[in-house]
Amino acid sequence: MRVGLNATCFDDRPSGANQRFRHLYGALIRRNPAISFVLYEPADQRIGTWFADSPNVIVRPTPLPSSGRWARFRAGLGYWRSALAADRLDLFETFTLPLIGAPCRTILTIHDLRPLQADRPLIERLIARPVLADAFARADHIITVSQAMRAELMAFRADTPVSVVYNGVTKPVATPASATLPPGLPPQFMLAVGHLEARKNLELAIDAVAVLRDAGAPRPLVIAGNDAGSLTALRARIARLGLEPLVRIIQHADDATIAALYAACHLVVVPSRYEGFGIAVIEAMAAGRPVVTSDTPVFREVSEGQGAYMPLAGKAAAAAVIERAWSDPIERQRLMAYGAKRVGDFAFDHLADQIAALYAEIMAASPARATAGAWNRS
């Protein structure tokens with residue numbers, strides 16, 4: 001089998017999508033030496049080096065940049081038709097929109113439907129809806145990252161096959177020796193990891209810190225993430241509440257620093273309003289830390305209803321859940337014991353085998369829906 005992987009959207013920045021591709025598809029490639037993988041690499045990143053030790057990978061440099069939706073679209077117009085025709089693939093998996101029309105069976109991986117959420121600009125929602133509808137109509141199969149997300153995709157369009165392959169995590173043996181914690185951290189703190197954007201709902205965690213401080217139980221919070229539009233507002237909120245001694249934002253942390261923060265923290269908090277999966281939840285489990293999440297279907301799925309959940313709104317209620325996970329030894333032990341058991345379900349080798357089985361199932365099914373006419377819309 002010859003499988004094309006459109007890796008043109010990936011880069012070295014910390015993100016769930018980049019981690020998923022590097023480690024999950026690395027395991028897929030390593031465990032399936034009989035499959036030849038053609039890796040389409042962005043012009044500004046050397047993604048092929050991630051799999052340099054795998055002889056069954058052929059790297060194809062492309063003119064597409066790893067970021068910039070319109071720049072990528074323009075560069076792809078003159079590239080994909082000839083490249084995919086020349087490579088004569090059996091199956092093509094892509095991770096970007098608009099869907100690239102390939103002359104073979106095509107899989108689209110979708111992490112979430114964020115562009116359709118009510119908090120997104122109207123113009124983005126208006127553009128995203130027909131782009132997604134076209135992708136669903138032409139893809140032979142869709143992979144998504146949770147059953148909650150599958151339900152959302154099926155509600156959008158019910159007649160496209162959708163399979164779930166969870167995100168994965170590697171359980172660390174120890175904190176990397178090269179990792180150093182940022183100076184000045186308190187001896188105990190709770191940690192939130194993720195881009196600084198509205199859907200992460202970090203305001204709830206900040207407000208909960210204020211409630212606990214006012215109750216005489218100061219619980220420091222460290223937020224590790226890069227600005228995605230909310231940094232100024234978060235800093236203003238911290239200042240308005242007088243929380244500068246208790247809340248710290250760390251930007252541009254590398255993987256080793258993030259690993260060190262997970263290892264050092266007292267608990268992890270994930271207050272997001274919307275996630276396709278929520279990789280910080282399983283990263284906390286892998287690090288042996290108790291985790292508190294917002295009460296959403298996807299977080300209840302990932303933790304099988306056995307986590308600690310705080311309401312999406314209501315700072316006093318959120319503070320109570322956090323305080324129990326912080327100070328109650330029985331609750332802490334329960335959460336950590338469950339996480340240690342559950343994290344095995346997110347091993348990359350196990351998930352890679354699911355994708356390999358899905359490839360075989362798709363190849364054995366009816367002919368691909370993609371046609372030569374689809375080139376005109378790629």
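Enumerate the amide H contacts of HIS141 below 5 Å, restricted to partners 5 or more residues apart or on another chain; note that Pro and chain-start residues carry no placed amide H.
Under 5 Å from the amide H of HIS141 lie the amide H atoms of THR106, LEU108, each far enough along the sequence or on another chain.
Using bins 5 angstrom wide from zero, how does P(r) for the range 248-298 break down, in % of all Cα pairs?
4, 19, 28, 25, 18, 6, 0
Mind jotting down the three principal axis lengths of the range 140-296 based on Cα atoms? Whole angstrom, largest first.
53, 37, 26
What translational diffusion coefficient, in µm²/s and rounded to a whole number, does the Stokes-Einstein relation yield for the range 86-139 at 10 °C and a viscosity of 1.306 mPa s, taking the hydrodynamic radius as the Kirkwood radius over Cα pairs?
The estimated diffusion coefficient comes to 130 µm²/s.
Based on the alpha carbon coordinates of the range 266-358, what radius of gyration and maximum Cα-Cα distance (Dmax) apply, in Å?
Every Cα atom of the range 266-358 included, Rg and Dmax give 13.8, 47 Å.
For ARG2 and ALA86, calculate 0.36 nm times their separation in residues minus their Cα-Cα distance, and state this gained length in nm to one decimal.
29.0 nm
Can you tell me the mean projection area, over all orientations, of the convex hull of the range 40-90's alpha carbons? Units nm², please.
Value for the range 40-90: 4.0 nm².
What are the principal axis extents of the Cα atoms in the range 1-132, in Å, biggest first?
So the three principal-axis extents are 46, 31, 25 Å.
Quick one: helix 122-138 against the long Cα principal axis of the chain, what's the angle to the nearest 10°, folded into 0 to 90?
For helix 122-138, the angle is close to 50 degrees.
Output the Kirkwood hydrodynamic radius of the range 207-335, Cα pairs only, in Å rounded to one decimal. The partial results should precede the final answer.
On the way: mean 1/r = 0.0655 Å⁻¹.
Mean inverse Cα-Cα distance, inverted, gives 15.3 Å.
Leaving out same-chain residues fewer than 8 places away, which lysines sit with a Cα under 16 Å from that of LYS171?
LYS171 reaches LYS341.
On the first, second and third principal axes, largest extent first, how far apart are the outermost C-alpha atoms of the range 10-80 in Å?
The principal-axis extents, from largest down, are 35, 26, 14 Å.
Any aspartates and glutamates with Cα under 16 Å of the LYS315 Cα? List them, leaving off those in the same chain fewer than 8 positions away.
Once the sequence-local aspartates and glutamates are set aside, what remains near LYS315 is GLU203, ASP207, ASP214, ASP295, GLU323.
Please determine, in degrees from 0 to 90 and to the nearest 10, the orientation of helix 348-364 with respect to the longest principal axis defined by the Cα atoms of the chain, where the helix direction is its Cα long axis.
The helix 348-364 is inclined about 30 degrees to the chain.
Could you work out the helix-only [θ] at 222 nm for the chain, with each DSSP H run of four or more residues adding -39,500 (n - 2.57) and the total divided by the number of residues, to the nearest 500 deg cm²/dmol? Numbers along the way, then the final one.
Values: 14 runs with 145 residues, N = 378.
One gets -11500 deg cm²/dmol as the mean residue ellipticity at 222 nm.
For the range 86-99, take each phi angle, set θ = phi - 60°, evaluate the Karplus expression 6.51 cos²θ - 1.76 cosθ + 1.60, and give the result in whole Hz per residue in order, putting x for glycine and proline.
Rounded to whole hertz, the list is 5, 7, 6, 7, 8, 8, 10, 10, 10, 10, 10, 10, x, 5.
Taking 0.36 nm per residue of separation and subtracting the Cα-Cα distance, what length does fully extending ALA228 through ALA365 add?
45.2 nm
Nearest 10 degrees, 0 to 90: what angle lies between the long axis of helix 147-156 and the longest principal axis of the chain (Cα atoms)?
Tilt relative to the chain: about 60 degrees.
Per residue of the range 180-185, what does 6.51 cos²θ - 1.76 cosθ + 1.60 with θ = phi - 60° give for ³J(HN,Hα)? Whole Hz please, x for Gly and Pro, Karplus curve as stated.
Rounded to whole hertz, the list is 10, 6, x, x, x, 6.
Sketch the reach of a paramagnetic label on GLN306 as a point 7 Å from Cα along Cα-to-Cβ, and name the residues of the range 141-169 whose backbone nitrogen lies under 12 Å away.
none
Which whole-angstrom value gives the distance between the alpha carbon centres of the range 293-314 and the range 221-237?
The range 293-314 and the range 221-237 have Cα centres spaced 22 Å from each other.
Testing the spin-label approximation: label points 7 Å from Cα along Cα→Cβ at ALA137 and ASP295. State their distance in nm.
Rounded to a tenth, the inter-label distance reads 4.1 nm.
For the chain, set up a Gaussian network in which alpha carbons nearer than 10 Å are linked by springs, and say which option among ARG240, ARG125, ARG31 fluctuates the most.
Comparing ARG240, ARG125, ARG31 in the GNM, the peak value goes to ARG240.
Can you give me the Rg/Rh ratio for the chain, using Cα atoms for both radii and the Kirkwood formula for Rh?
0.98
Rule-based calculations on the coordinates, nothing more; no lab input. This one's a predicted model, so the numbers in the text were calculated from it and none came from an experiment. Heads up, the Cβs are rebuilt from the backbone with ideal geometry, glycines too, and the neighbour counts pull from every protein chain shown.
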